[in-house]
Amino acid sequence: MKEWTREERYRVLQGADDILGLYESIKESDYRQTYHLQPITGLSSDPNGFVYHKGVWHLFYQWCPWGAVHGLKYWYHTASKDLVHWKNCGVGIYPDSFYDNKGVHSGSGFSTGDDLYLFYTGNHRDEDWVRTPYTCVAKLEDSGELIKAPQPLFGPHENYTEHQRDPKVVYDEETQKYYILLGAQSKDLKGKVLIYSSDSLLEGWTFVGELRVPGFEDLGGMWECPSIERISGKDVLVFSPQYTTLPNRNQSTNHNIYLLGKMDYKNLTFTAEGNYRHLDYGFDFYAAQFAANNGDPDRAVLTAWMGLPDNHYPTEAEDWEGSLTLPRELRLVNNRLLQRPVPGLASLREKAVVLDEELPRVCELEVSNHQGQDFELKLFSKKDGSGGFCISYDSQTKLCTVDRSQMDQHFNAELGECLTVPLEDGLTKLAVYIDKSSVEIFINDGQVTFTSHLYPTKQEAYYSASSHLDLQAWLLKPAVTDDFVI
Ligand code: FRU
């Protein structure tokens, strides 16, 4: 693993030439995704500023140009008309002001219909490396020009630690006010959401208090990337708690969960119905964000970083890592949250293929386990049947186990290479989306999902499945352009 100095990580990008060579070599990697967003060079992490505006979906990602390392962060801009085909638009926000001198950190977008605003955390550090987080806003003009407001909307609140970031902006019809939800850490090191409100998007923001989430006060030491949406009259609060372990997540201390319930902006209380659930049970899923202004009260659209803080991936050796998950559509059915890839994704199906022994590197599988029986499905095993990414189901315990320990390339093994997913209703169906370095699994029409990076070697090219499983497969067309646009 390469050791980076602070100077290297925080080097300022002077122009496209700085990274053209890097881009040219990374482009050749066998692990470049074909229908998932990924960094043009270096590292991509959280989705940012996901918003629908004037017929276009805008989606940015946290970007560090230099390599697979968390350093000076930019927002890199991508756009799509259908949430399936994406094009690179170049750097969205540069860390070029006093307030964001050491990074433009995560945040959200908001469209007024006419204007598009991006709210982000300016990560300021002084010479002694003392951090001050600012909540900032910029306007993205139709021409693509970005205009930063000269002053931040507000600075840090003195009652909390330096960890105050990731503004999510919403408008509440009931109180007729705008709100910013901010991920934060209290001085006694507990995860919090802070709330600011205003009558106007661009000024007058005041701190109104800490969000009460009764029953979940002790869930971790920092809540990153809060996001909230109303789906069919219910509120869904999503956040990424850290510094704690949770059931079904092995040794990982970074998680992404959701609560269903009621958000009361007047009383600053989120009343949850029942316990939290993991938004995804896989190894690599974090910092999920809802798209703003999606325009349909019965569905939400969400994407996440396919990766976790402090994790390392094999493409680090090629000076890049990370990807965003497929954008998902979330609906409430019988009071359960169901997640599935956006319906337009079906347009990528090239042709149905009858699977022989070999498994295509880019494909979609539909797997039916009609009777809910035990099964084993191995992806990317070797010709003799050994190894592979193994998905198995035990109908007695209603547990699905996903084991990547038999693959040739091991990564983040110390956090556990095998995860178990509890399934209340058994397991009858899987939809599996395989790209060059990832797999996303939607179980039982999206009651539960599982996302993992995966780096098969040349000899890991086969599959096997219990004979009672019904398998259909499609090759998928590419949907990201991967062009060099700065
Ligand atoms: C989550 C996070 C955010 C922060 C950003 C910095 O992965 O730590 O809280 O804004 O990444 O890149």
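The values are calculated or read from the model by the stated rules, or taken from the named source; none is laboratory data. Because the structure is a prediction, the values reported are computed rather than measured. Here the Cβ positions follow ideal geometry from the backbone for every residue, glycine too, while neighbour counts run over all protein chains shown. Areas reflect the complete protein model, heavy atoms only, side chains present, ligands, DNA and RNA absent. Shrake-Rupley method; radii C 1.70, N 1.55, O 1.52, S 1.80 Å.
Below, the figures for the structure above:
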quantity	calculated
Residue that is nearest to the chain's Cα centre (by Cα) [pool: residues in the stretch 102-128 that are in a loop (DSSP other than H, G, I, E, B) and within 16 Å of the ligand (Cβ to nearest atom)]	GLY103
Test: TYR10 is within 23 Å of VAL169 (Cα to Cα), open to solvent by 20 Å² or more (accessible area, probe 1.4 Å), modelled with pLDDT of 95 or more and in contact with a Gly (Cβ under 7 Å, 6 or more places away or on another chain)	no
Tally of residues being open to solvent by 40 Å² or more (accessible area, probe 1.4 Å) and touching a helix residue (DSSP H, G or I) at 6+ places or on another chain (Cβ under 9 Å) across the stretch 325-366	3
Within the stretch 161-185, considering residues that are part of a loop (DSSP other than H, G, I, E, B) and touching a residue at least 24 places away in the same chain (Cβ under 8 Å), the one surrounded by the most Cβ atoms within 10 Å (Cβ to Cβ)	THR175
Among the candidates GLY107, GLY144, residue that is touching a residue at least 24 places away in the same chain (Cβ under 8 Å), under 23 Å from GLU224 (Cα atoms) and among the small types (Gly, Ala, Ser)	GLY107
The stretch 46-77, residues that are assigned to a strand (DSSP E or B), farther than 25 Å from ASP310 by Cα and touching a residue at least 60 places away in the same chain (Cβ under 8 Å)	VAL51, TYR52, HIS53, TRP57, HIS58
Qualifying strands (runs of 3 or more DSSP E) (wholly inside the stretch 225-297; at least 2 residues being over 21 Å from GLU174 (Cβ atoms) and touching a Phe, Trp or Tyr at 6+ places or on another chain (Cβ under 7 Å))	234-242, 257-264, 286-290
Single match in GLN289, GLN251 (criterion: in contact with a Pro (Cβ under 8 Å, 6 or more places away or on another chain) and open to solvent by 10 Å² or more (accessible area, probe 1.4 Å))	GLN289
Residue within the stretch 135-152 that is within 14 Å of the ligand (Cβ to nearest atom) and surrounded by fewer than 24 Cβ atoms within 10 Å (Cβ to Cβ) present	no
Whichever residue in the stretch 386-406 is outside any strand (DSSP E or B) and either hydroxyl-bearing (Ser, Thr, Tyr) or touching a strand residue (DSSP E or B) at 6+ places or on another chain (Cβ under 6 Å) (or both) and, among such residues, is nearest to TYR455 (Cα to Cα)	GLY387
Tally of residues being crowded, with 21+ Cβ neighbours inside 10 Å and touching a residue at least 60 places away in the same chain (Cβ under 8 Å) across the stretch 210-230	6
Test: ALA272 is open to solvent by less than 60 Å² (accessible area, probe 1.4 Å), touching a residue at least 24 places away in the same chain (Cβ under 8 Å) and within 16 Å of the ligand (Cβ to nearest atom)	no
Selection status of LEU83, touching a helix residue (DSSP H, G or I) at 6+ places or on another chain (Cβ under 9 Å), assigned to a loop (DSSP other than H, G, I, E, B) and closer than 23 Å to LYS148 by Cα	no
